[in-house]
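The values are calculated or read from the model by the stated rules, or taken from the named source; none is laboratory data. Just so it is clear, the model here is predicted, and its values are computed rather than measured. Backbone-built Cβ (ideal geometry, glycine too); neighbour counts: all protein chains shown. Heads up: the accessible areas ignore ligands, DNA and RNA and are worked out on the full protein's heavy atoms, side chains in. Shrake-Rupley method; radii C 1.70, N 1.55, O 1.52, S 1.80 Å.
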Amino acid sequence: MKTLIAAYSGVLRGERRAEGARSTSSNGGSALSREGSGRWGVACSVILMYTFCTDCWLIAVLYFTWLVFDWNTPKKGGRRSQWVRNWAVWRYFRDYFPIQLVKTHNLLTTRNYIFGYHPHGIMGLGAFCNFSTEATEVSKKFPGIRPYLATLAGNFRMPVLREYLMSGGICPVNRDTIDYLLSKNGSGNAIIIVVGGAAESLSSMPGKNAVTLRNRKGFVKLALRHGADLVPTYSFGENEVYKQVIFQEGSWGRWVQKKFQKYIGFAPCIFHGRGLFSSDTWGLVPYSKPITTVVGEPITIPKLEHPTQQDIDLYHAMYMEALVKLFDNHKTKFGLPETEVLEVN
């Protein structure tokens, strides 16, 4: 019961430590939509509570006992399962859009990496498919590299859901976890952080290529502290799979969204896709639009135990320049006109 209370309290507080990590390393809501994973987590908790009232109550007791001893495992890299990452359902998921992963440079297994994933989109579907499954063969394209997709730490307080997240190589986006993976887990680790986070999701709409990055420097500071190379990553088509109602700055709708983002940890979006049985109706099924994730050239980062603001600003500027260059070099290959400009906010 204590564990269950902790799970809900973490979600209701918006997981303040994860919020702190967003100022340090960005909002890792990423591949799992915060709303969607929250629903699955609550559903799993309700089922477990119901199990307490049935003849199978011993199963629930044993699981919660296990949970107490296993509580900190997500902070230490979790339990990656190649079997789960290779489920056939992920290949069907990939082919629906379709989703593609494009490699532009090799990554050394003797280094650690922080991937900045852009843009967030509504649910970060490209990030999920490419880095928490093997549907696009990320392990074959980057042999010896272990990808860890970062998401809200509050998701790992949800019974059962946490087990699935860990099996896919998904980790909490908080400083303790990132510090562990980049300093005590050997080399060849790649942490994927959706830098724009909830703020970026609010501006997600078809036809728009914009990232929230100019004032997001915490992930650069983390890279400098650990000497982890920065890898700009852009997903063409991520904003195309859902349509969203965009509230203008100063409107009541945007005020509500910002309050949720501040106190709960995510910004509720009013969006829709297609219906389950017809593309002519509205629903929550994403539109089948191609998503192509391009992994750019790594930026070599020195290890500075106490980086100065000047150091952070320098490498942040280098990262922004590399991201814009990556976008410009590939935009025409994926249906965008030569005149398209990446908006950096």
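Answer yes if at least one residue in region 92-103 is open to solvent by less than 10 Å² (accessible area, probe 1.4 Å), outside any strand (DSSP E or B) and either at negative phi or at pLDDT 95 or above (or both), and no otherwise.
Yes, region 92-103 contains a residue that is open to solvent by less than 10 Å² (accessible area, probe 1.4 Å), outside any strand (DSSP E or B) and either at negative phi or at pLDDT 95 or above (or both).
Is it the case that region 70-90 has a residue that's among the hydroxyl-bearing types (Ser, Thr, Tyr) and farther than 25 Å from Thr233 by Cα?
Yes, region 70-90 contains a residue that is among the hydroxyl-bearing types (Ser, Thr, Tyr) and farther than 25 Å from Thr233 by Cα.
Pull out all pairs, ordered by first then second residue, where Cβ-Cβ is under 6 Å, the residues are six or more apart or on different chains, the first lies in region 86-114 and is in contact (Cβ under 8 Å) with a residue 40 or more places away in the chain, and the second is assigned to a loop (DSSP other than H, G, I, E, B) and among the aromatic types (Phe, Trp, Tyr).
Pairs that qualify, where the first residue is in contact (Cβ under 8 Å) with a residue 40 or more places away in the chain and the partner is assigned to a loop (DSSP other than H, G, I, E, B) and among the aromatic types (Phe, Trp, Tyr), are Leu107/Phe142.
Scan region 138-145 and tell me whether some residue there is of a type in the set (S, T, N, Q) and modelled with pLDDT of 95 or more.
Applying the first criterion (of a type in the set (S, T, N, Q)) to region 138-145 yields 139.
Still in the running and modelled with pLDDT of 95 or more: 139.
The answer is yes; a qualifying residue exists.
Got at least one residue in region 185-204 being surrounded by fewer than 21 Cβ atoms within 10 Å (Cβ to Cβ), among the small types (Gly, Ala, Ser), on the phi < 0 side of the Ramachandran plot and assigned to a strand (DSSP E or B)?
No, region 185-204 contains no residue that is surrounded by fewer than 21 Cβ atoms within 10 Å (Cβ to Cβ), among the small types (Gly, Ala, Ser), on the phi < 0 side of the Ramachandran plot and assigned to a strand (DSSP E or B).
Are there any pairs, at least 6 apart or on different chains, whose C-beta atoms fall under 9 Å, with the first in region 253-280 and over 14 Å from Ser203 (Cα atoms) and modelled with pLDDT under 85 and the second of a type in the set (S, T, N, Q) and surrounded by fewer than 16 Cβ atoms within 10 Å (Cβ to Cβ), and if so, which?
Every condition considered, the pairs that remain are Ser279/Ser288.
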